[in-house]
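A short worksheet on the structure shown next.
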Amino acid sequence: MKDMEFLLDTINIDQIKKYQAIIPLSGITSNPTIVKKEAPADLFKHLNEIRQIIGPDAKMHVQVVGQTTDEMITDAHTILNQIDKNVYIKIPTNEAGLAAIKELKQEGIHITATAIYTKFQGYLAMAAGADYLAPYYNRMVNMNINADEVIFNLAQEIERNHYSSKILAASFHTVQQVNSALENGAQAVTMGADIMATALGVPAISAAVQDFTNDFEGVYGKGATMTSIVK
């Protein structure tokens, strides 16, 4: 069984540093909307700083902004030249994007097929050789599309025909959506720091930890720790 991958959908350096120290962070994802939130004066300098934080082996997914196939391919080459050759280039799964994916995969470039809302988009992206498929979970929910069914069927197709593509589910509004994506076959998920904080900030967790501390101090005294009771 392959390990699950947990990524942050942000380019906020403080958030990345925080969760890099807490979880087995597989990498980060970004798109033009995420870039707008941070609005770095020098985008590539900023992304290279993130690369230094997460390390050369972590996954960095950066999206093109061009609309045509040629513009997407040019954007892809610029991203790779300005950061490094290990970056996964995010390409929208439309007609222009699929053509770009085919050409870029012939060059051996890592590709994440993004903006996936349907099984058919995913099937085409697999056949085009995309390394990751990024279905938009909450956006599908808002469009009355069964996101769990889409992810499940993509996972089944990957297994049935031995595709090398992985599902990198994205666009989450709740922790439960993340759980559902993983339970239905996504190998990777990317989420905002707010989702991560919610998942780890359940009040019952803090209450249980405090109960353990109170019980230990009830035996060994206020402020006692495993280290302090060593004779």
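The values are calculated or read from the model by the stated rules, or taken from the named source; none is laboratory data. All figures in this text were calculated on a predicted structure; none of them were measured in a lab. FYI the Cβ positions are ideal-geometry reconstructions off the backbone, even for glycines, and counts take in every protein chain you see.
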Sole miss for Val62 among (1) in contact (Cβ under 8 Å) with a residue 24 or more places away in the chain; (2) under 27 Å from Met4 (Cα atoms); (3) of a type outside the set (Lys, Arg); (4) assigned to a helix (DSSP H, G or I) is condition (4)
Residue list for the range 83-94, filter: out of contact with any Ser or Thr (no Cβ under 9 Å at 6 or more places or on another chain) and either of a type in the set (A, V, I, L, M) or within 16 Å of Ile28 (Cβ to Cβ) (or both)
Ile83, Asp84, Asn86, Val87
Given the residues Gly55, Gly66, Gly97, which is the only one that is surrounded by 24 or more Cβ atoms within 10 Å (Cβ to Cβ), small (Gly, Ala, Ser) and assigned by TED's automatic domain parsing to the domain that holds Ala186?
Gly97
Exactly one of (1) within 18 Å of Asp3 (Cα to Cα); (2) under 16 Å from the mean Cα position of the chain (by Cα); (3) not in a helix (DSSP H, G or I) is unmet by Val178. Its number?
(3)
Quick one: would you say Asp211 is exposed (fewer than 11 other Cβ atoms within 10 Å of the Cβ) and assigned to a helix (DSSP H, G or I)?
yes
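Restricting to the range 3-51, name every residue that is outside any helix (DSSP H, G or I) and loosely packed, with under 13 Cβ neighbours inside 10 Å.
Within the range 3-51, the subset outside any helix (DSSP H, G or I) is 3-12, 21-31, 39-42.
Result: Asp3, Met4, Ala21, Ile22, Pro24, Ala39, Ala41, Asp42.
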